[in-house]
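The structure appears right after this line, and notes come after that.
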Amino acid sequence: YALPEGRVLVEDVSFGVAPGETLVLLGRSGSGKTTTLKLINRLLEPTAGEIRVAGRPTAALEATRLRRGIGYVIQEIGLFPHFTVERNVGLVPRLERWPAERIAARVRELLALVGLDPGVFGARYPHELSGGQRQRVGVARALAADPPLLLLDEPFGALDPITRVELQREFLALQRRLGKAIVFVTHDVREGLLLGNAIGLMQEGRIVFLGTPEEFRRSEHPACRAFLAAAG
């Protein structure tokens, strides 16, 4: 992917993620991690190469339909402040014209799945929630239409350390239960090694290492060694 003036932000990036797998894109700020996520769901249009989701080239799909079939969770969460928790979580099913009863049942199911009592939290607004609760709502919303692919961009980065650890554990339990294909962006090597089945280390727009967490720990690549040293 290159900007109009010719500066290349991402190049020679190639990976696949199967159902039940979590690929962690690890790297410093500006290494191309978030750009890669935006290319997958066509918030940015690739200037070269091809991206496939569920075997189909994304360029052949209508962009809005593509995005509704991909769960997307970001650090800032992006909840609508004037919507209740129930309306936020049910947004995509509502756009997909699900029956009201099905939407209500799905919202209750997902809030319970992420550890929020639907009877307590469903009618609340985002400003009435803690940071961890808002992030749980963001995850529930991403799962609402049961997408096969989830993209998570530093989802726990703004949380306090205790809440972050809690949500990391809950994420692992959710992945074991749901078996989604997940691309998870972080600059935290400990988080990446905990949550990922595979690690893709990005540097200056390229993936310089791609392998299992154990292979990452053993790698002699200077960038891998630098991340591991920083983590202590």
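Here are a few things to note about the model shown:
- Of the strands (runs of 3 or more DSSP E) lying entirely inside region 140-229, those carrying at least 2 residues that are touching a strand residue (DSSP E or B) at 6+ places or on another chain (Cβ under 7 Å) and closer than 24 Å to Gly78 by Cβ are 149-153, 181-186.
- Residue pairs meeting the criteria (Cβ under 8 Å; at least 6 apart or on separate chains; first within 10 Å of Arg134 (Cβ to Cβ) and modelled with pLDDT of 95 or more, in region 74-85; second small (Gly, Ala, Ser) and assigned to a loop (DSSP other than H, G, I, E, B)): Val85/Gly122; Val85/Ala123
Yes/no per residue for (1) more than 30 Å from Leu159 (Cβ to Cβ); (2) surrounded by fewer than 21 Cβ atoms within 10 Å (Cβ to Cβ):
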position: Val10; (1), (2): no, no
position: Ser29; (1), (2): no, yes
position: Gly32; (1), (2): no, no
position: Ala54; (1), (2): yes, yes
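- Answer residue from region 74-101, given it is in contact with a helix residue (DSSP H, G or I) (Cβ under 7 Å, 6 or more places away or on another chain) and of a type in the set (D, E, K, R) and is surrounded by the most Cβ atoms within 10 Å (Cβ to Cβ) among those: Glu86
- For region 126-149, the criterion of a residue being assigned by TED's automatic domain parsing to the domain that holds Thr36, surrounded by 18 or more Cβ atoms within 10 Å (Cβ to Cβ) and of a type in the set (D, E, K, R) is satisfied by no position.
- Within region 34-52, considering residues that are outside any helix (DSSP H, G or I) and within 18 Å of the chain's Cα centre (by Cα), the one surrounded by the most Cβ atoms within 10 Å (Cβ to Cβ): Asn41
- Yes/no for Gly30 being within 27 Å of Leu174 (Cβ to Cβ) and of a type outside the set (D, E, K, R): no
- Which listed residue is charged (D, E, K, R) and either closer than 19 Å to Pro19 by Cβ or more than 17 Å from the chain's Cα centre (by Cα) (or both), from Glu170, Glu154, Glu220: Glu220
The values are calculated or read from the model by the stated rules, or taken from the named source; none is laboratory data. Just so it is clear, the model here is predicted, and its values are computed rather than measured. Neighbour counts are summed over all protein chains in view; Cβ atoms, including those assigned to glycine, are modelled from backbone coordinates with ideal geometry.
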